[in-house]
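K.L.:
First the structure, then my questions, so here it is.
Values quoted throughout were computed directly from the atomic coordinates according to the rules given, and no laboratory measurement underlies them. Computed from a predicted structure; not experimentally measured. Backbone-built Cβ (ideal geometry, glycine too); neighbour counts: all protein chains shown.
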Amino acid sequence: MEEVYRESFRILPARGADQVIGEADGTMICTVAPGPRKGKRPRDWKEMRLVAAQALGSVTTVYWATFGSVGKAGRRWGHCARQAGWGLNSAIHVVGDGAEWIELQRQEVFQQQGSFLCDFFHVSEYLGAAAHTCRPQQPQTWRRTQQQRLRRGAVQKVIKALEAHLEPEGTAKEEAPVRNGHRYLNNRRDCLDYPRALKLGLPIGSGMIESGHRHVLQARLKKAGTAWLPDHADQIAHLRVLRANQQWQSLWN
């Protein structure tokens, strides 16, 4: 498979899937420093990035995972999208939690073919946290109202609803859920076009990558009490990806 990844992912067919969904996220893996088995060794949590792509309407998802750099994750993401059906005619619909590295790699890898949408459920977590301040008597009703507004495209109304209850300037972040939510939405106004995604039948949540975390990585690498040498975790992740991509036989050929 490494031979495939040495090729440029930008060599695309003229025709591919009309819509390709791309998602990416990181998960923390417990790692341990090399050394004798006996005695305590320092442990650390290291981020493993998982990227995925799927043609709209397909049941096949292509994954890749790495402890490597953001740039390497982005290049692997490009190869995943190409394997999933990315062509010169394709639009790449990227859904993510708003992490800077995901949006930067979306721009770098997919360029004008890509668009970015903030994961609706991640946004909803901010709204849910703010709801207890904005309407303490009916927080769930308030949250649902803001979610409905986002689905209709009334982003400004949601931001105004938060503005009315902002905590004082200088409030500690962990004590300012309204200010946190207001900042998150205000900085990502151009990544909240849920009406367009819903109209086109595109996902507004990052369920594909969340599912991938569970069955590709976490089921093996995050068992209770386990810690990995970083190289070993990387190798296991590679094997898990091959199996998830139905490329297991390529390992033996």
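K.L.:
From Arg240, Arg220, Arg214, Arg179, which residue is outside any loop (DSSP other than H, G, I, E, B) and loosely packed, with under 14 Cβ neighbours inside 10 Å? Spell out the reasoning first.
P.N.:
Details: Arg240 fails: loosely packed, with under 14 Cβ neighbours inside 10 Å; Arg220 fails: loosely packed, with under 14 Cβ neighbours inside 10 Å; Arg179 fails: loosely packed, with under 14 Cβ neighbours inside 10 Å.
Matching residue, one of Arg240, Arg220, Arg214, Arg179: Arg214.
K.L.:
Same structure, new question: Which members of segment 185-202 meet the condition of being assigned to a loop (DSSP other than H, G, I, E, B), within 21 Å of Leu104 (Cβ to Cβ) and not basic (Lys, Arg)?
P.N.:
Across segment 185-202, the qualifying residues are Asn187, Leu192, Asp193.
K.L.:
For segment 65-77, state whether one or more residues are closer than 16 Å to Ser211 by Cβ and surrounded by 13 or more Cβ atoms within 10 Å (Cβ to Cβ).
P.N.:
First pass over segment 65-77, keeping only residues closer than 16 Å to Ser211 by Cβ: 65.
Applying the additional criterion that residues be surrounded by 13 or more Cβ atoms within 10 Å (Cβ to Cβ) yields 65.
Within segment 65-77, one or more residues are closer than 16 Å to Ser211 by Cβ and surrounded by 13 or more Cβ atoms within 10 Å (Cβ to Cβ).
K.L.:
Give, as residue ranges, the strands (runs of 3 or more DSSP E) completely inside segment 1-84 that count at least 1 residues that are under 16 Å from the mean Cα position of the chain (by Cα) and among the aromatic types (Phe, Trp, Tyr). It would help to see each step written out before you state the result.
P.N.:
Details: elements: 19-32, 43-55, 62-66.
Qualifying strands (runs of 3 or more DSSP E): 62-66.
K.L.:
Something else about it: Return yes or no: is Glu103 assigned to a helix (DSSP H, G or I) and closer than 21 Å to Pro195 by Cα?
P.N.:
Values: assigned to a helix (DSSP H, G or I): yes; closer than 21 Å to Pro195 by Cα: yes.
Yes: the conditions hold for Glu103.
K.L.:
Residues to consider are Thr171, Thr141, Thr145; find the one that is in a loop (DSSP other than H, G, I, E, B) and among the hydroxyl-bearing types (Ser, Thr, Tyr). Give the steps one after another, and end with the answer.
P.N.:
Numbers: Thr141 fails: in a loop (DSSP other than H, G, I, E, B); Thr145 fails: in a loop (DSSP other than H, G, I, E, B).
Only one candidate qualifies: Thr171.
K.L.:
For Thr133, are the conditions met, namely being within 26 Å of the chain's Cα centre (by Cα), among the β-branched types (Val, Ile, Thr) and part of a helix (DSSP H, G or I)?
P.N.:
Working: within 26 Å of the chain's Cα centre (by Cα): no; among the β-branched types (Val, Ile, Thr): yes; part of a helix (DSSP H, G or I): yes.
Here the answer is no, as Thr133 does not meet what is asked.
K.L.:
I would also like to ask the following. Yes or no: Gln235 in a helix (DSSP H, G or I) and without any contact (Cβ under 8 Å) to a residue 24 or more places away in the chain?
P.N.:
Values: in a helix (DSSP H, G or I): yes; without any contact (Cβ under 8 Å) to a residue 24 or more places away in the chain: yes.
So Gln235 fits the description; yes.
K.L.:
Of Leu192, Leu185, Leu200, which residue is over 30 Å from Arg43 (Cβ atoms), of a type outside the set (Val, Ile, Thr) and touching a Cys at 6+ places or on another chain (Cβ under 8 Å)? So that I can check it myself, show each step before the final result.
P.N.:
On the way: Leu185 fails: touching a Cys at 6+ places or on another chain (Cβ under 8 Å); Leu200 fails: touching a Cys at 6+ places or on another chain (Cβ under 8 Å).
From the options Leu192, Leu185, Leu200, the qualifying one is Leu192.
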